[in-house]
Amino acid sequence: MECKEGTGETDAESVLISDWAELTHECLLNILSRLTFEHRWSGPMLVCKPWFNACKDPSLNSVFDLETRFDSSSESTRWWTPEFERRIDSMLRSVITWSNCNLTQILTRHCSDLSLNFAAQRCPNLQVLSIKSCPRVTDASMAQIAYHCRNLKQLDISYCYEISHESLSLIGRNCPNLKILKRNLMNWLDPSQHVGIVPDEYLNACPQDGDTEAAVIAKFMPQLEHLEIRFSKLSAKGLGSICEGCSQLEHLDLSGCANLTSRDILNATSNLKDLKEVKKPNFYIPRSVFHTERYGHWRLYDERFQTDVFRI
């Protein structure tokens, strides 16, 4: 009797397993659509071949979003290695292939020209591109994005130091629907939070041409509504160009823009009728961090800015 009962339990388990493995494609899609991109990759894709095939359905691959995972994790030196970059490129290329030209959003970090060139050729409906911290994304792949992804509405190229004003020019001229641009730089005033994680040579490659980029944004992106340029080295002249050329701005983030004063910002933004929020480069500079003989000019900034909003 005990043996029979054991056999019965085993049969029941087999039936249960068989039922899960033999779910219809429609049922699988219904289940998988309720999971996040990350959860699908870390679980269901590994269960069995039918589940893997279901995960490749175009309806589940219109968005490639790893940003939520990056944002919820502490930055790691591993992220800046070629091996990690190849893994991200491989994942992105797979999703692009599975999307059947229906990919509309790419949100990731540490990809390269390899996967972005592939995206440009296969993603004509791309609307959101966020590729922060990509040291091997260059003007070459961004040019392809500009030429082939003309429906782009949001672009985040923060901490991508191999992307220059040339890319901004091409994007502006070819993507008339662009409303959101994020071109933030790392904190070059106090890079201690990045030291030991981000390669030193990359930290030292921080773009210096803030006014050049500002002029391009002003000339070729007049439709912008949201602009972030944290720690840009633009001057009052560059900010004036942006505010004159981008009259529809509603949100402007100037955090860390050390070359701007409160008066510069007030004068430049006074004619922006739709402006709802401007984040100013308020500073608190500890004297223990900055030597007075080298950074004595910060005394002047202390007088110009409030010191309770932004801390280095």
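Any read-out appearing in this document is the output of simple, stated calculations on the displayed coordinates, not a laboratory observation. For clarity, every value in this text was computed on a predicted model and none was experimentally measured. Note that each Cβ is placed from the backbone with ideal geometry, even for glycine, and that neighbours are counted across all protein chains shown.
Tabulated data for the structure shown
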quantity	calculated
LEU203-LYS237 FRET efficiency (beta carbon distance; Förster radius 30 Å; 0.05 resolution)	0.70
Size of charge dipole - segment 27-104 - debye, nearest 20, with Cβ of Lys, Arg +1 and Asp, Glu -1, no other charges	340
Note, ³J(HN,Hα) from phi for segment 140-150, Karplus 6.51, -1.76, 1.60, rounded to Hz, x at Gly and Pro	4, 6, 5, 5, 5, 4, 4, 6, 10, 10, 7
Simple Cβ-charge dipole of segment 25-289, Lys/Arg +1 and Asp/Glu -1, about Cα centre, in debye nearest 20	380
Using θ = phi - 60° and Karplus 6.51 cos²θ - 1.76 cosθ + 1.60, couplings along segment 103-116 (whole Hz; Gly, Pro as x)	6, 10, 9, 10, 10, 7, 9, 6, 9, 9, 4, 4, 6, 6
Two-site FRET efficiency, GLU26 against ARG87, from Cβ-Cβ distance with R₀ of 25 Å, rounded to 0.05	0.20
Theoretical gain in end-to-end length, GLU38 to ARG150 [0.36 nm per residue, Cα-Cα removed]	37.5 nm
Inter-probe distance in nm under a simple model that places probes 7 Å from Cα toward Cβ, at TRP79 and LYS219	3.4
Where Rh is the Kirkwood radius over Cα pairs, Rg/Rh for segment 85-173	0.92
Karplus (6.51, -1.76, 1.60) ³J(HN,Hα), θ = phi - 60°, over segment 53-64, in Hz, Gly and Pro reported as x	5, 5, 5, 8, 4, x, 5, 9, 10, 8, 9, 10
Dipole axis of segment 25-289 (+1 Lys, Arg; -1 Asp, Glu on Cβ), positive-most option in ILE157, ASN61, ASN184	ASN61
Calculated FRET value between GLU244 and GLN121, using beta carbons and R₀ = 35 Å, to 0.05	0.45
